[in-house]
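> I'd like to ask you about the structure that follows.
The values are calculated or read from the model by the stated rules, or taken from the named source; none is laboratory data. Remember, predicted model here, so these are calculated numbers, not experimental data. Cβ: placed from backbone, ideal geometry, glycine included. Neighbour counts: every protein chain shown.
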């Protein structure tokens, strides 16, 4: 399975909603990338052929940042990526919390970049309490325009059951589960056990919490082709390998051999795809305005910490 799908579980890091991170284009607001704001020096209408290659994008983000481990004492200062920086806000009540993430940019005009909104690091009394459930980069196109922050993301729940304190116990509920041979009743029973565990550990332990949002930020040709594809109605580009049959490229004969209809348990028909990356990259090749390409090296942005206290 492509790691882009595996991340859905990984980013629940703070009990995040399972639908983490697929928000399409984000019309956020301004950044410190002067090149993004500078008038284009290329001739009007000049284009360059580019391909959206997910593997290359993931490779560009690989190794840019290693999140701190559970139990590590850790703090961080805000870190912008060419003037782009995430902003995290948290609402807390009744011993739990929910975080939302947006991006800002210092550049004038439109700044397009690939980033991810669901990467959170939570500390309690400056000790990391977010489990190491993975931090795979699932890129989405985000665009800033103007001087105000972007619309915020969906909310990511932060509860006691999502923290290092009980991560091993939570994991143990699934580690020995035989999905291949389990009956519907056994699956239902296990989900009920997990729900009971989450309810028992819903409240956050007392302490001072800091929540940081971070993400790789990819500009250059990758963001330029993503912007072009999004303008023609293609979103959720990181998942197209599997969702192509329900996208604007559904009718492309090159993907047809890799999609097949399947009947769901309730009698509905769904189209299941698993398009090879090289085929998908070929399908996602376009002539892109050269003015869309911003020369900026891949880097990481880290938000200012949002601090709240649980008594």
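> From 135, 105, 150, 92, which residue is at pLDDT below 95 and more than 23 Å from residue 298 (Cβ to Cβ)?
Details: 135 fails: more than 23 Å from residue 298 (Cβ to Cβ); 105 fails: more than 23 Å from residue 298 (Cβ to Cβ); 150 fails: more than 23 Å from residue 298 (Cβ to Cβ).
Just a single option satisfies the conditions, and that option is 92.
> Would you mind finding the one in 282, 287, 236 that is in contact with a strand residue (DSSP E or B) (Cβ under 9 Å, 6 or more places away or on another chain) and at positive phi?
The unique qualifying residue is 236.
> Specify the residue that is farthest from residue 237 (Cα to Cα); the eligible residues are those in region 280-303 that are in contact with a helix residue (DSSP H, G or I) (Cβ under 7 Å, 6 or more places away or on another chain) and part of a helix (DSSP H, G or I). Outline the logic, then answer.
Applying the first criterion (in contact with a helix residue (DSSP H, G or I) (Cβ under 7 Å, 6 or more places away or on another chain)) to region 280-303 yields 280, 284, 286, 288, 292-296, 298.
The next check asks that each one be part of a helix (DSSP H, G or I); those that pass are 280, 292.
On the way: 280: 10, 292: 18 Å.
Filtering first and then ranking leaves 292.
> Another one. Got at least one residue in region 179-191 being surrounded by 12 or more Cβ atoms within 10 Å (Cβ to Cβ) and under 18 Å from the mean Cα position of the chain (by Cα)?
For region 179-191, residues surrounded by 12 or more Cβ atoms within 10 Å (Cβ to Cβ) and under 18 Å from the mean Cα position of the chain (by Cα): absent.
> Name the single residue that is surrounded by the most Cβ atoms within 10 Å (Cβ to Cβ) among those in region 95-115 being assigned to a loop (DSSP other than H, G, I, E, B) and in contact with a helix residue (DSSP H, G or I) (Cβ under 8 Å, 6 or more places away or on another chain).
For region 95-115, the residue satisfying everything is 107.
> Another question, then. Residues that are modelled with pLDDT under 90 and part of a strand (DSSP E or B): does region 170-185 have at least one?
No: zero hits.
> Is there any pair linking a residue in region 162-175 that is touching a residue at least 40 places away in the same chain (Cβ under 8 Å) to one that is surrounded by 17 or more Cβ atoms within 10 Å (Cβ to Cβ) and in a helix (DSSP H, G or I), with Cβ under 6 Å and at least six apart or on different chains, and which?
162/14
> Sticking with this structure for a sec: Given (1) surrounded by fewer than 17 Cβ atoms within 10 Å (Cβ to Cβ); (2) farther than 18 Å from residue 221 by Cα; (3) in contact (Cβ under 8 Å) with a residue 24 or more places away in the chain, where does residue 56 come up short, assuming only one miss?
Answer for residue 56: the failing condition is (2).
> Among the residues in region 136-146, are any surrounded by fewer than 23 Cβ atoms within 10 Å (Cβ to Cβ) and in contact with a helix residue (DSSP H, G or I) (Cβ under 8 Å, 6 or more places away or on another chain)? Quick ask: steps written out before the conclusion?
To start, the set of residues in region 136-146 that are surrounded by fewer than 23 Cβ atoms within 10 Å (Cβ to Cβ) comprises 136, 143, 145-146.
Next, from what is left, pick out any that are in contact with a helix residue (DSSP H, G or I) (Cβ under 8 Å, 6 or more places away or on another chain): 136, 143.
Within region 136-146, one or more residues are surrounded by fewer than 23 Cβ atoms within 10 Å (Cβ to Cβ) and in contact with a helix residue (DSSP H, G or I) (Cβ under 8 Å, 6 or more places away or on another chain).
> Take region 59-74 and flag every residue that is touching a helix residue (DSSP H, G or I) at 6+ places or on another chain (Cβ under 6 Å) and either at pLDDT 95 or above or surrounded by fewer than 11 Cβ atoms within 10 Å (Cβ to Cβ) (or both).
Let us first name the residues in region 59-74 that are touching a helix residue (DSSP H, G or I) at 6+ places or on another chain (Cβ under 6 Å), namely 70.
Correct list: empty.
> Here is a list: 277, 268. Which entry is touching a residue at least 24 places away in the same chain (Cβ under 8 Å) and out of contact with any strand residue (DSSP E or B) (no Cβ under 8 Å at 6 or more places or on another chain)? Steps first, answer last, please.
Numbers: 268 fails: touching a residue at least 24 places away in the same chain (Cβ under 8 Å).
Going through 277, 268 in turn, the sole match is 277.
> Just wondering, is there one or more residues in region 255-274 that are surrounded by fewer than 14 Cβ atoms within 10 Å (Cβ to Cβ), touching a helix residue (DSSP H, G or I) at 6+ places or on another chain (Cβ under 7 Å) and over 27 Å from residue 81 (Cβ atoms)?
For region 255-274, residues surrounded by fewer than 14 Cβ atoms within 10 Å (Cβ to Cβ), touching a helix residue (DSSP H, G or I) at 6+ places or on another chain (Cβ under 7 Å) and over 27 Å from residue 81 (Cβ atoms): present.
> Follow-up. What do you reckon, is residue 83 at pLDDT below 95, crowded, with 21+ Cβ neighbours inside 10 Å and under 30 Å from residue 198 (Cβ atoms)?
No, not satisfied.
> Somewhere in region 29-49, is a residue modelled with pLDDT of 90 or more, touching a strand residue (DSSP E or B) at 6+ places or on another chain (Cβ under 7 Å) and assigned to a helix (DSSP H, G or I)?
Within region 29-49, none of the residues are modelled with pLDDT of 90 or more, touching a strand residue (DSSP E or B) at 6+ places or on another chain (Cβ under 7 Å) and assigned to a helix (DSSP H, G or I).
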